[in-house]
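One structure is given below, encoded as C-alpha cells.
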Amino acid sequence: MSLNYTDTTSYLSTLINAGADAMTNLFYLEFAANGLDDSTKVALTIRNQDFTGPEFSQEVNTINFMTVSLDVPKSSMTRVHEISFTFRLDEQYQIYRWLMERQSITSMPSLGFAGTVVPDDFNIFVYALNGPAMAPVQETPSPSGTTMIPSEYSKLMYKLGHCWVKKIDPLTYKYGTDTPLQIKTTIGFMDYITPQDTFNSQEDFYTSAEALQGQSEG
C-alpha cells in the first residue's frame, strides 16, 4: 500500500503539508550604539541567552447586565517599556564593562547620580526566521548591520530605540561550581516597532515622545 500525500483526509498528509516548525533558537540579536566596537558587538550577539519581546495589552471595560458580564475593548493600554537580557560573560568581561559604561550615562550609584536624559544612540534590533530553515548564505548588510539569517527567510521582528541600561544584576560567585558566569540586564526603551508593525511594512519607530507632543499640540 502506498501513502497518498495529496489525500487531505489523511492525518499523515495533513502533518506533512503543515510545513516546518518555527524554532526558538533561530533568531538574531543586534546592538547598535556610538562607540560600540566590533568585537563587543559580536559578543553581545552570540553570548545572549534568549529574547522575549516586551508586553503590550489593551485594557477592557466590563459591562454587566443581569446575570452576565462581558469584557469589551477599552480606549487605554498597558505598555511595559523595558526588556531583560541574560548574557554569558567572556574571558575579557567586555560585555560587563560595556553595559556598566552605558549605565553610567543615566545613573552611577557610587556618586548618587541619576540622570533623566535618555541617549538617542542606543538601539536594539531582533531578527527571526520567517520561513523554512535553509542552508546559510552570505547576507548583504541590513540597515542596521549584517544579519546571520538570509533576508528572504528572515523578518525584522523588533526595533527598540532610545535604549538605556536600567539595571544590572550583581554577579554571583560560588565555590563548588564551575558554570559560566551570567549577567542579567534590564534595558528600558522609549521607541519601538513590534511584529505587528513589521508584518505591515512599518519601517520607522513609533516615538513615544512625538506621540505625546502631538497630543499636547492638539
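Derivation of every value follows stated rules applied to the coordinates shown; laboratory data play no part. Bear in mind that the values here come from a model prediction, so they are computed numbers and not experimental data. Every residue, glycine as well, gets a Cβ built from its backbone with ideal geometry; the counts of neighbours run over all protein chains shown.
Once the piece of chain linking residue 177 and residue 64 is laid out straight, how much longer is it, given 0.36 nm per residue of separation minus the C-alpha distance between them?
Details: separation 113, 0.36 × 113 = 40.68 nm, distance 5.70 nm.
The residue 177-residue 64 span can extend by a further 35.0 nm.
Counting other beta carbons within 10 Å of each residue's own, what order do 190, 66 fall into, fewest first? Please report the intermediate quantities before stating the final value.
On the way: 190 18, 66 5.
So the ranking, lowest neighbour count to highest, is 66, 190.
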Run the numbers for residue 86 and residue 10: contour at 0.36 nm per residue of separation, minus the present Cα-Cα distance, in nm.
23.0 nm
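What is the ratio of the Cα radius of gyration of the range 25-138 to 2.2 N^0.38 Å, where N is its residue count, to two decimals? Mind dumping the intermediate values first?
Working: Rg = 20.6 Å, N = 114, 2.2 N^0.38 = 13.3 Å.
Normalised Cα radius of gyration, the range 25-138: 1.55.
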Could you put 108, 23, 157 in order, starting from the residue whose Cβ has the fewest other Cβ atoms within 10 Å?
23, 108, 157
